[in-house]
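The values are calculated or read from the model by the stated rules, or taken from the named source; none is laboratory data. Predicted model only: the values in this text are computed from it and were never measured. Virtual Cβ from ideal backbone geometry, glycine too; neighbours counted across all protein chains shown.
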Amino acid sequence: MTDVRMFGYSDPLSARAGKIINFMISAEGTKKVNSKIVRLIHGDENSEGPGFLEEEIETDIPDVLEVKRQYVQLGSYAEVKDHNNILSELKSFSICAFIWPSYPGKQRQTILGSWSVSDGIGYALGINPEGKLEFWIGDGKLVDHVEAEIKLVPKVWVLAAATFDAKKREARIYQINVQNSWNSHIGPVVPYEHNSVVAEKTRILPIIGRKSFLLSGSHEYNEERGDFISLIYNGKIDRPALYDRVLSHQELKEASAGDRIQNPLAYWDTSAGYDENGISDEILDVGSQKLHAQGVNKPVRGMTGWNWKGKDDSFRLAPHQYGGISFHDDSLTDCKWDITLSWTPPDNIKSGVYALKIWEKDKEDYIPVIVRPSQPRAKIAVQMSTFTYLAYANERLAFDAPTAQAIVGHTPVVSDEDIEAYKLLEFGLSTYDHHKDGAGVCFSSWKRPILGLRPKFRISGMTIPWALPADLSLLWWLENENYDFDLITDHDLDREGVEALKPYKMVINVTHPEYYSEKMLDGTEEYLTNGGRLLYIGGNGYYWVTAPCKDDPSCIEVRKLDTGSRAWQAEPGEGYLVSTGEKSGLWRSRGRPPQKLVGLGFTAEGFDQSQPFERMPDSFHKRVAWIFEGIGETEEIGDFGLGFGGAAGIELDRYDLSLGTPPHTMLVAASYGHSDNYPLVSEEITYAFPGRGGSQDPQVRGDMIFFTTPKNGAVFAAGSIAWSQALPCFGGKNNVGKVMHNILNAFLKSGPLPGSSFIGVEKHWR
């Protein structure tokens with residue numbers, strides 16, 4: 001009997017009360033699961049805090065749900081919309097494309113064609129397991145293959161083409177080198193032979209028209225899962241085309257030089273459709289038939305093509321040189337599962353993090369959803385970092401990152417659950433992972449199970465909660481201390497701008513607001529310049545340029561560029577978001593370092609021991625002394641915590657006037673005593689030399705600051721991921737909580753803040 005396994009996801013990940021939320025569940029080993037809706041109160045099971053807490057919610061959902069195994073279509077491809085069956089009448093034909101194979105010689109891959117693996121019917125141009133270009137045709141009984149003479153070289157552009165002459169029963173395959181000084185991973189100085197032409201008589205005529213035409217894939221069927229796409233290609237495709245005649249060698253040579261062959265049946269101009277705001281997943285056929293192809297699982301656009309010359313680094317500047325589309329056989333942005341259950345949170349429900357809890361025997365799963373109030377109710381908004389949640393979704397760092405052990409400062413500690421999760425490649429990757437061919441993952445979506453969003457989740461290798469489970473510590477403390485709050489999300493702020501923040505007296509960032517869009521920065525800036533008050537109590541915030549995907553808010557895009565603490569680096573010329581047309585990378589590199597907005601910016605990370613904060617001289621100034629009421633002059637603030645035993649740790653942010661920290665900012669506290677497992681971040685290092693660890697470099701610290709903004713606005717910031725995870729210790733009655741009480745109580749009152757009358761007064765040390 002199959003062991004019970006169950007997984008699910010919600011769509012959307014967050015919603016207003018009164019709006020429908022759909023839950024998709026897949027289960028093995030059972031046809032029924034128990035179910036209930038719970039509110040998640042605290043996620044960390046650490047005995048030094050309140051432990052795991054949930055509250056069952058009265059609903060009308062069934063106690064038992066009917067479930068089934070649901071399958072995942074892994075891999076990116078594009079399908080042609082041939083509504084008039086134009087492609088089913090082919091006799092003699094030719095197919096061609098510029099290709100940049102990134103993973104040849106490992107498995108059979110289909111570049112383009114109409115091929116059914118199950119039936120052995122159709123035709124396709126692809127790559128065989130030996131790494132050679134291959135053309136094959138089938139009639140349901142026999143399959144004929146024509147193979148190129150030489151192996152493809154990884155990440156080198158060639159023109160690949162195949163022709164079939166029905167009268168002569170002759171198949172030809174062409175491989176023509178188009179390598180230049182910029183477009184490939186090796187240059188022309190390497191004496192490889194790239195060119196090949198092979199012609200063979202075939203035994204059969206292919207049966208054509210049974211299955212749709214695909215870029216990067218073939219059709220397959222089995223009785224258990226039905227129809228799916230297999231033999232997916234890894235690499236780039238540029239300007240594929242289909243002709244209803246046999247092309248000559250001369251025509252193909254001219255095409256390899258950039259001349260377009262006349263009268264195509266279909267010509268997918270992969271460089272077409274770009275504008276200043278990016279490009280969609282639809283690949284345009286510029287021929288007369290308009291046989292457009294629709295991308296599935298986000299084939300990556302905005303990539304350099306076969307004719308890239310290295311002068312321009314953006315598809316907006318030279319769209320003709322950006323026809324490359326990258327496909328990967330492990331991409332996933334949408335499971336497309338059937339809906340198992342729908343739930344509409346009532347209008348009067350408390351804003352919070354809820355979950356559909358499902359269980360059977362000794363297995364359970366929580367499928368979370370963030371519920372925003374139907375209308376703003378509280379004075380406090382807590383902004384949940386949904387962009388960051390997606391960026392880290394299903395990360396595999398402890399297993400695949402060669403630097404994982406060095407980063408955490410110890411051998412990664414993995415559980416049986418971590419190992420099981422690692423094996424579940426079917427649920428896709430995070431933006432911290434690499435595709436099979438080594439390319440960085442730039443898309444992530446909530447339309448799939450995300451194991452790291454579960455309330456009891458502890459990030460593999462680090463043994464601590466991360467992201468949403470860690471953020472629950474802040475929500476627990478606010479509720480425990482009787483502060484009323486509404487939840488909003490990154491997606492809300494990106495969609496609504498400042499209007500999402502305006503109803504609130506103050507906004508609180510959670511532990512790790514790392515991924516931000518331009519609309520989010522603009523909205524936060526406008527909020528602060530118009531009297532808003534912000535608590536930035538996280539680390540590594542406002543860091544990566546991120547955007548929701550064009551026409552699909554469930555999916556985000558980020559490109560990792562030449563600086564920053566990055567798990568991968570984009571290929572040259574491929575650092576712009578196709579979702580918006582803007583340059584990705586660090587906000588710092590685009591003139592908007594987080595210091596300009598919240599006064600602090602990323603400086604170090606480490607995963608051994610967190611440390612406390614100590615008061616700095618500014619803390620005794622009349623302007624800000626109120627923040628430390630009830631705190632002793634030499635008292636360590638946060639020498640405890642669920643995040644490695646202190647309030648300052650994991651990822652740290654610092655004050656820096658040279659990077660835009662407002663000049664009137666009060667540096668009220670700073671952490672100290674960090675180990676050399678806390679190195680200075682790479683964007684701070686222009687020359688490599690020793691002495692950049694926590695015991696040697698004074699920039700390795702977390703800072704606590706306060707500054708005012710126009711119209712009685714203000715920012716309080718404690719630059720540490722571990723800060724909120726210190727709040728639950730000792731039942732919430734601790735000096736980190738005392739500082740929070742002082743800030744919250746002051747920020748919730750209208751009018752001038754305490755100490756405002758002393759602005760401009762000389763500092764008084766004592």
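Residue selection: GLU223 fails the criterion of being of a type in the set (Asp, Glu), under 30 Å from GLU426 (Cα atoms), under 28 Å from the mean Cα position of the chain (by Cα) and surrounded by fewer than 21 Cβ atoms within 10 Å (Cβ to Cβ). Among the residues of region 136-186, just one is of a type in the set (A, V, I, L, M), in contact with an Asp or Glu (Cβ under 9 Å, 6 or more places away or on another chain) and farther than 23 Å from SER218 by Cβ, namely ILE150. Can you work out which of the residues in region 529-566 that are closer than 19 Å to PHE315 by Cα and basic (Lys, Arg) is surrounded by the most Cβ atoms within 10 Å (Cβ to Cβ)? Step by step, filter region 529-566, then rank; the result is ARG559. Count of region 227-250 residues, restricted to those that are without any contact (Cβ under 8 Å) to a residue 40 or more places away in the chain and either assigned to a strand (DSSP E or B) or touching a Ser or Thr at 6+ places or on another chain (Cβ under 7 Å) (or both), is 1.
Against the conditions (1) surrounded by 19 or more Cβ atoms within 10 Å (Cβ to Cβ); (2) out of contact with any Asp or Glu (no Cβ under 6 Å at 6 or more places or on another chain), TYR432 satisfies every one except (2). Suppose the filter is touching a residue at least 40 places away in the same chain (Cβ under 8 Å), in contact with a strand residue (DSSP E or B) (Cβ under 7 Å, 6 or more places away or on another chain), of a type in the set (A, V, I, L, M) and closer than 15 Å to PRO612 by Cβ; does ALA669 pass it? Against the criterion (touching a residue at least 40 places away in the same chain (Cβ under 8 Å), in contact with a strand residue (DSSP E or B) (Cβ under 7 Å, 6 or more places away or on another chain), of a type in the set (A, V, I, L, M) and closer than 15 Å to PRO612 by Cβ), ALA669 qualifies. Please verify whether region 268-288 includes one or more residues that are buried (at least 21 other Cβ atoms within 10 Å of the Cβ), touching a strand residue (DSSP E or B) at 6+ places or on another chain (Cβ under 9 Å), small (Gly, Ala, Ser) and farther than 29 Å from LEU247 by Cβ. Yes; the residues of region 268-288 include at least one that is buried (at least 21 other Cβ atoms within 10 Å of the Cβ), touching a strand residue (DSSP E or B) at 6+ places or on another chain (Cβ under 9 Å), small (Gly, Ala, Ser) and farther than 29 Å from LEU247 by Cβ.
The strands (runs of 3 or more DSSP E) found wholly in region 638-749 and carrying at least 1 residues that are among the β-branched types (Val, Ile, Thr) and within 33 Å of the chain's Cα centre (by Cα) occupy 703-709, 713-718.
Condition test on SER102, is it over 16 Å from HIS145 (Cα atoms) and of a type outside the set (Phe, Trp, Tyr)?
yes
Name the strands (runs of 3 or more DSSP E) wholly inside region 468-573 in which the number of residues that are over 21 Å from HIS435 (Cβ atoms) is 3 or more. Explain how you work it out, then say what you get.
On the way: elements: 485-489, 506-509, 533-536, 544-549, 552-558.
In region 468-573, 485-489, 506-509, 533-536 are the strands (runs of 3 or more DSSP E) which contain 3 or more residues that are over 21 Å from HIS435 (Cβ atoms).
Is at least one residue of region 106-118 out of contact with any Pro (no Cβ under 7 Å at 6 or more places or on another chain), buried (at least 20 other Cβ atoms within 10 Å of the Cβ), of a type in the set (Ser, Thr, Tyr) and not in a loop (DSSP other than H, G, I, E, B)? Checked against the condition, which is being out of contact with any Pro (no Cβ under 7 Å at 6 or more places or on another chain), buried (at least 20 other Cβ atoms within 10 Å of the Cβ), of a type in the set (Ser, Thr, Tyr) and not in a loop (DSSP other than H, G, I, E, B), region 106-118 yields at least one hit. Residues that are surrounded by 19 or more Cβ atoms within 10 Å (Cβ to Cβ) and touching a Pro at 6+ places or on another chain (Cβ under 9 Å) were ranked within region 314-349; the one that is nearest to GLU55 (Cα to Cα) is LEU341. Only residues that are free of Cβ contacts under 8 Å to residues at least 40 places away in the same chain and either more than 13 Å from LEU659 (Cα to Cα) or in contact with a helix residue (DSSP H, G or I) (Cβ under 6 Å, 6 or more places away or on another chain) (or both) were counted across region 576-599, and they come to 0. Of everything listed in (1) surrounded by 24 or more Cβ atoms within 10 Å (Cβ to Cβ); (2) more than 16 Å from ILE537 (Cα to Cα), the single unmet condition for GLY649 is (2). The set of residues from region 67-105 being of a type in the set (Ser, Thr, Tyr) and at pLDDT below 95 comprises just one member, SER88. Selection of first residues in region 685-706 that are surrounded by fewer than 17 Cβ atoms within 10 Å (Cβ to Cβ) and of second residues that are among the small types (Gly, Ala, Ser), restricted to Cβ pairs under 7 Å at least 6 apart or on distinct chains, gives the following pairs, ordered by first then second residue: SER695/SER675. Scanning region 574-597 for residues being surrounded by fewer than 21 Cβ atoms within 10 Å (Cβ to Cβ) and assigned to a helix (DSSP H, G or I) gives a total of 3. The single residue among LEU332, LEU356, LEU317, LEU390 that is of a type outside the set (Lys, Arg) and in a strand (DSSP E or B) turns out to be LEU356. Inside region 448-461, residues that are in a loop (DSSP other than H, G, I, E, B), buried (at least 22 other Cβ atoms within 10 Å of the Cβ) and hydrophobic (A, V, I, L, M, F, W, C) make up a count of 2. Every condition in (1) in contact (Cβ under 8 Å) with a residue 40 or more places away in the chain; (2) within 20 Å of LEU252 (Cβ to Cβ); (3) touching a strand residue (DSSP E or B) at 6+ places or on another chain (Cβ under 6 Å) is met by GLN109 except one, and the failing one is (2).
So is GLU426 part of a helix (DSSP H, G or I) and closer than 23 Å to SER26 by Cα or not? Answer is yes for this residue. Just one of the listed residues (GLU364, GLU395) is crowded, with 21+ Cβ neighbours inside 10 Å and charged (D, E, K, R), namely GLU395. Within region 179-191, none of the residues are in a strand (DSSP E or B), free of Cβ contacts under 8 Å to residues at least 60 places away in the same chain and surrounded by 15 or more Cβ atoms within 10 Å (Cβ to Cβ). Filtered by the rule that a residue be in contact with a Ser or Thr (Cβ under 8 Å, 6 or more places away or on another chain), farther than 17 Å from ASN742 by Cα and of a type in the set (Gly, Ala, Ser), region 648-682 gives ALA648, GLY649, SER671, SER675, SER682. Exactly one residue out of VAL498, VAL408 is crowded, with 17+ Cβ neighbours inside 10 Å, more than 21 Å from the chain's Cα centre (by Cα), of a type outside the set (Ser, Thr, Tyr) and modelled with pLDDT of 95 or more: that is VAL498.
The residue of region 296-313 that is farthest from the chain's Cα centre (by Cα), among those that are buried (at least 20 other Cβ atoms within 10 Å of the Cβ) and outside any strand (DSSP E or B), is ASN307. Of everything listed in (1) under 30 Å from PRO299 (Cβ atoms); (2) out of contact with any Asp or Glu (no Cβ under 7 Å at 6 or more places or on another chain), the single unmet condition for TYR543 is (2). Here region 129-175 is the region considered, the condition is being among the hydrophobic types (A, V, I, L, M, F, W, C) and not in a strand (DSSP E or B), and the residue that is surrounded by the most Cβ atoms within 10 Å (Cβ to Cβ) is TRP157. The residue pairs whose first member lies in region 361-385 and is part of a loop (DSSP other than H, G, I, E, B), whose second member is hydroxyl-bearing (Ser, Thr, Tyr), and whose beta carbons are closer than 6 Å, counting only pairs six or more residues apart or on different chains, are PRO373/SER351.
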